[in-house]
Structures are given as structure tokens and as C-alpha cells.
Amino acid sequence: MKYFQCGRYRFGLDGEEARPLVMGILNVTPDSFSDGGRYDSVPAAISRVETMIGEGVDIIDIGAESSRPGAAAVSLQEELERVMPVIEALKDCGRPLSVDTYKPEVMAAALASGADMINDICGFSTEGSLKAVAPYDCGLCVMHMQGEPGTMQNNPHYGDVVAEVSDFLERQATKLVTAGVARNRICLDPGFGFGKTLDDNLVLLRNLDVICKRLDLPVLAGLSRKSVVGALTGKPVDKRLAGNLAIALSAVSHGASIVRVHDVGETVDALKVWLATQ
């Protein structure tokens, strides 16, 4: 049986019990693109997680630094001050906690405090990140990004976006395995919206199964409320629910094992109906 080891939790990836996983987004930031400032206190974060658990979330992804296009970097100390109290408050909530960070110091502190997964927009290419995560039994999400958040959407360009993204993901996954990380701890994220045009995003979405088959690792798709949905629907961030659900189902139909979303309950319901009709 194939599975994804996510710290204290294990998720089956094949067999009758396997199903797409829903990762719920918890931004403890003042400036994230769609929900900045809503959950940047510990009580608000706890309340939001309680709601997501009631809605059927599988993994909680905590972000303490916005990575939206044009976002300013946050200092190490500020990120730690935002994320650590939330991890302490939620580590026994009954769901795996993922921490969205590219800083090795935050990775190490989060894992030592009970986090189950690290979700790295830099794909563990930052110096020291491999050393920070290798000793733990945590899940790891390797994401592709062209450039860095401040400038990544200025002029993204690829010769073959599927091949280039796949090459990077394969290279970084190999580095993790060489550092002692078991393959069943690794999942991959093509990085929708991170240095990609609308066409790049759509080509990647249509070819998720190609990435899955080539690398033989589960794929995470993070498309919720992003500009690709806005471009396709013409709707502002707060009016994209229908588009979000459609693109999550599309990602799963093309091979994604995990969808990272803001609208947890609605996505869980949509997946239940979709699975029942397959």
C-alpha cells in the first residue's frame, strides 16, 4: 500500500480507502491576499481550525508570511512570533499541522514544537533546509517557484513549463532522499501562480498526471482563490467560490492527491459528490 507519512499521521494513497485530501489554509498574517488579518490572533486561529475540523479538513496549513505576488519579506523573529503560539495551541487538535515556510530556523522550531509537515515555497532549496527537516518523520511539500514573491509575476517565461517544473521537483525530491528523507514523506506542488502565466497554470493543471507518473509521488494542488480563477471567471477574490470548487475538482481529476483550499466545507462536499459519481 502506498501512503503519505505526515508526522504523526499516515494517509493511504491507493486502495479502496484512498481519497483526495483537503488541506485547509490558516493564514496568521495581516496581509495575505484574501484573508489577511482575519486569523492573526491565537483565539481567532483556534476558532477557525475548530470550524475546519467540523467541515472535514484533513490537514491544517499554517502560514505566517504572505507569499502573494509583490509581498514583502517578513523577518525571522516576526515569523516565529506569529506561528509558534499557534502551533502550541493547535498541536493536539487531532489533525496534522503543516507549516508554510522557507526559513530553516522556522522549520526546525515548528517541528520541535509538534508540527507534522513543512510546506516550502522554495522547494527546500534554501541553505540549511534539508538539515532542518531530515531528522523528523514529517511530511514535506516541495513546491516550484520561478523567481521570488516580490517579482515572480513580472515576466515569467518557460520553454516547456511541464518539463522544467518536473525537472526542478525531481531534483529537489532526490536531494531530500539523499539527505535521508523517506520517499513516502514527500509530496510535490507545481506552484500554481508562483512565477507562471495563465497559460502556464492551465498547461500544468492539464498535465498533473504527467508529473505524478514521472516522479511517482503525490501531487498537491494549491489553486484556491488565485488569479487563475479570477482570470477564468472575471470574479474578484471574494466571489470565486464556484470557480474554486471547479478547479479543485479538475485538479483531482487530473491526478492531485491533495488540494489546498480556503473553502474547506464546500470543497469536502464537492469531492464527496464527485467521488460518488466516478
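The values are calculated or read from the model by the stated rules, or taken from the named source; none is laboratory data. Small disclaimer: the values here were computed from a predicted structure and weren't measured. Here the Cβ positions follow ideal geometry from the backbone for every residue, glycine too, while neighbour counts run over all protein chains shown. Heads up: the accessible areas ignore ligands, DNA and RNA and are worked out on the full protein's heavy atoms, side chains in. Shrake-Rupley method; radii C 1.70, N 1.55, O 1.52, S 1.80 Å.
Numbers for the structure displayed
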quantity	calculated
Calculated [θ] (222 nm, deg cm²/dmol) that DSSP helices of n ≥ 4 give over the chain, each run adding -39,500 (n - 2.57)	-12000 deg cm²/dmol
Flagged links, alpha-carbon separation over 25 Å, of K2/K272; K226/K272; K2/K175; K103/K235; K103/K239; K175/K213	K103/K235; K103/K239
H254 - accessible surface, heavy atoms, 1.4 Å probe, Å² rounded to 10	60
Rounded percent of accessible protein surface that carbon and sulfur make up, the chain, 1.4 Å probe	51
Which of L204, V229, V268, positive extreme of dipole for the stretch 180-278 (C-beta unit charges)	L204
Computed label-point distance, nm, for sites R171 and E55 using a 7 Å Cα→Cβ extension	3.7
Distance cut-off 33 Å, percentage of C-alpha pairs in the chain lying past it	12
Over the stretch 35-181, relative contact order from alpha-carbon pairs under 8 Å, at least 6 apart, %	20
DSSP beta bridge pairing in the chain, given as percent antiparallel to the nearest 5	10
Virtual paramagnetic centre 7 Å along Cα→Cβ of L241, amide N under 15 Å, in the stretch 198-227	225
Ratio of Rg to Rh over the stretch 133-278 (Cα coordinates, Kirkwood Rh, two decimals)	0.97
Label-point separation in nm, E266 to A89, each point 7 Å along Cα→Cβ	2.5
Å² per residue, accessible surface of the chain at 1.4 Å	42
The stretch 140-278, relative contact order in percent, only Cα pairs under 8 angstrom and at least six apart counted	23
Length-normalised contact order of the chain in % [C-alpha pairs under 8 Å, at least 6 apart]	19
The chain: DSSP helices with Cα axial extent of at least 24 Å and average Kyte-Doolittle hydropathy no lower than 1.0	none
Pairwise centroid distance, computed over Cα atoms, of the stretch 162-197 with the stretch 216-278, Å	21
Length released on extending from D137 to N154, taking residue separation times 0.36 nm less the Cα-Cα span	2.4 nm
